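Written below as structure tokens is the structure these notes are about.
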Amino acid sequence: MKKTILAAMALLSGAFVASAQQPAQAAPELQFTTVKELPITSVKNQASSGTCWAFSTISFLESEAIRINNIKDPAKYPDFSVFFVVSHSYADRADKYVRLDGNLTFGAGSEADDVLHVVRDYGLVPLKEMTGMNYGTALPAQSELDAVLKAYVQAVAKVPNRTLTTAWKNGFQGILDAYLGTYPETFTVDGKQYTPASYRDAMKINPDDYVTLTSFTHHPFYTKFAIEVCDNWRWDEAYNVPIEEFMQVLDYAIDHGYTAAWGTDVSEAGFNRQGLGLLLETAANPAPGSDQERWVGRATSSQPVPDNLKEINPTQEYRQIEFDKKSTTDDHGMHIYGTAKDQYGRKFYLVKNSWGETGAYKGIWYASEAFVAGKSIDLVVHKDAVPAAIKAKLGIK
């Protein structure tokens, strides 16, 4: 199967621009051939919410349920509720925020391991049982909710009564319930009644079967550490491996039928609105906002993309420098589910985004091998997707 970029390649300045008497020459189109494509559920739209971490990891767990249960009919693919996870996450975060007297980042952002915590502690529910859209819009629009929740916990954390009341948690949960809906205690799927915990178990999702990998040199390789980003508010630890082994795990996973939840930096000029992720040397300009509003406008069809796609070589040193100087940040979570090659034989990864069916590929991005190696923050995979030799180095059973 081949797919073609119709508008993503732009005119170059300098050496790639023709003389003033001649029209500029357009860069050639990229053509992609899919090498391996694993099952995924439909592309969703997080819209005006900072919950990419939940959308991407829920998508990953849906693919895991498809794989584990050997579901062949797309009509029977699971559709888990992101909002069940987001609501529980916010409630857990509020508790920790108050315990720490407000000395914790509080907002919509989080990371993939947060989803695994919620699934382990509370379960899973189908989307139809908790749609999360109780506030009058067709798509998520959570800025008001975020502001209200933050103001609430900031007030509570000041302990104005000099001792906490027994009411504050109920009040906080009441706000979540009003906006996102109440947690279903029981529900029916295909004629069988479940609780969130029993549905999780019926889907054979065991959060303890998943591991998080990263690759930085400010901690020793083959140890675990909590990645120092604000969204890692639970202080979850990731296994630290050299970047070559990080990429080896990803390739081994895909080759053996496993997908991956991916945390990355999309503030790069090479991550564009048409569905490309390239590790170009062009610097990105900061832009405020959230997710699609924040990132999509950065590398438009009017910005330069070299026709030969020469990219930065993402060495281990490059990764560390970019992370230390805050050029690589934890901007976005997505779902890697396959590989492809362009017409020059270069590897790209198939990435499911959560910005709706936008871009040249209706919500799918092609991220180059260099981009993934250079700009990954972390990767979550099933532990059996880790090659045996790397498992042994990390002590994963």
Suppose the filter is within 21 Å of Asn103 (Cα to Cα) and either in the same structural domain as Ala75 (by TED's automatic domain parsing) or not β-branched (Val, Ile, Thr) (or both); does Ala167 pass it?
no
Could you please tell me which pairs satisfy a Cβ distance under 7 Å, a separation of 6+ or placement on different chains, a first residue in region 85-104 that is surrounded by fewer than 20 Cβ atoms within 10 Å (Cβ to Cβ), and a second residue that is in a helix (DSSP H, G or I)?
Ala91/Phe172; Ala91/Gln173; Ala91/Leu176; Asp101/Ala157; Gly102/Gln154; Gly102/Ala157; Leu104/Lys96; Leu104/Tyr97
Any chance region 96-107 includes a residue that's outside any strand (DSSP E or B) and in contact with a strand residue (DSSP E or B) (Cβ under 7 Å, 6 or more places away or on another chain)?
no
Scan region 117-149 for residues that are touching a strand residue (DSSP E or B) at 6+ places or on another chain (Cβ under 6 Å), in a loop (DSSP other than H, G, I, E, B) and more than 30 Å from Val211 (Cβ to Cβ) and jot them down.
Leu139
Scanning for something out of contact with any helix residue (DSSP H, G or I) (no Cβ under 8 Å at 6 or more places or on another chain), more than 30 Å from Val82 (Cβ to Cβ) and surrounded by fewer than 20 Cβ atoms within 10 Å (Cβ to Cβ), does region 361-380 turn up at least one residue?
no
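The values are calculated or read from the model by the stated rules, or taken from the named source; none is laboratory data. No experiment lies behind these values; they were computed from the predicted model shown. Backbone-built Cβ (ideal geometry, glycine too); neighbour counts: all protein chains shown.
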